[in-house]
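Below is one structure, written out as structure tokens, with a few remarks after it.
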Amino acid sequence: MPSSAPGPGSRPPVASPRALSFDRAAAQYAAARPGYPPVLFDAVEELAGRPLRGARTVDVGAGTGISTRLLHDRGARVTAVEPGPGMAEELHRALPYVAIVRGDGNRLPLATASADLITYAQSWHWTDPSRATPEALRVLRPGGALALWWNVSDHAVPWIAEQDARLRRFLGAGDSAHGSSVHSRDLPSELDFVHRTVPWTRRVSLDTHLANLGSHSAFLVRAEEPTYRFLTEERDRLAELFSDGTVEESYVVDLSVAIRPGSPPSPSAPDS
């Protein structure tokens, strides 16, 4: 699928300093960030109009491979695209059998009409949509699907809403480590998206919950001392609420899928 394999002398992809801030916390990101429930991938298959098994899939902004692994486990033939060297190294360590190319959504290092599915898990907001949209349409085959999704903390849960208010006071009104609705993410107007929400929960240790918060870029670009102070105060608050040390995090995955216009090619025998 890649048009060429980036070698040692290839130009690194262009990404914002904030987007690349994850590089210095790649192991923390891999260990603490939430995954996605199986029903999300059921919804992707339904809205894309084809099974993941055998689908030539490009996971853009793959990070440490959280979504890449789950797509692979569903049988997708995944190529991961990641701009950060530290994140790409962590992904390769965890998933040595997955092809990785250095790049980002604004300039995909992939052949034209080579993908059945392009996914952006937590990463579309790091692109310039005016560049990323034509790139996605170029790489997708006619009838292929673009799937964008985000884990958003469920603010209908009182303790999560209260934590979000504290986060916004500390990080600024426009920032939170809880995520925000896909409808505010500057979706491509050229495409007709179908939206789906998928609620789910996970139970993790208090340490993992705090490490998840601290792995967000809004924290990573700040000085260590105020971040440490905020997370210490948050630990004290949550220790009273979750006395057994286990936090139940509630999420809603906000999913949007669009089909590339055009008739899909005639089915052919799978590659050997």
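Coordinate-derived values only; no laboratory data. A quick note: this is a predicted structure, and the numbers were derived from the prediction, not measured. No Cβ is skipped: glycine too gets one built from the backbone with ideal geometry, and neighbour counts run over all protein chains shown.
Give, as a single signed number, the net charge of other residues whose beta carbon lies under 10 Å from the beta carbon of residue 258, with Lys and Arg counted +1 and Asp and Glu -1. Mind showing how you got there, number by number?
Details: positive: 260; negative: 190, 192.
Here the count lands on -1.
In nm, to one decimal, how far is the modelled label at residue 131 from the one at residue 161, with both set 7 Å along Cα→Cβ?
Placing both labels 7 Å along Cα→Cβ, they lie 4.0 nm apart.
If amide hydrogens are placed 1.01 Å from N in the peptide plane, which non-local residues have theirs closer than 5 Å to the one on residue 143?
Distant-sequence amide H within range of residue 143: 260, 262.
Given labels modelled 7 Å from the Cα in the Cβ direction, how far is it in nm from residue 194 to residue 27?
Modelled inter-label distance: 4.3 nm.
Subtract the Cα-Cα distance of residue 232 and residue 111 from 0.36 nm times their separation in residues, and report this length gain in nm to one decimal. Let's see the in-between values first.
Working: separation 121, 0.36 × 121 = 43.56 nm, distance 4.76 nm.
Using 0.36 nm per residue and subtracting the Cα-Cα distance, I get 38.8 nm.
Applying a 10 Å radius around every beta-carbon, put 226-239, 199-212 in order of their mean neighbour count, most first. All intermediate terms of the calculation are to be shown ahead of the outcome.
Numbers: 226-239: 13.6, 199-212: 16.4.
Going by the mean number of other Cβ atoms within 10 Å, highest first, we get 199-212, 226-239.
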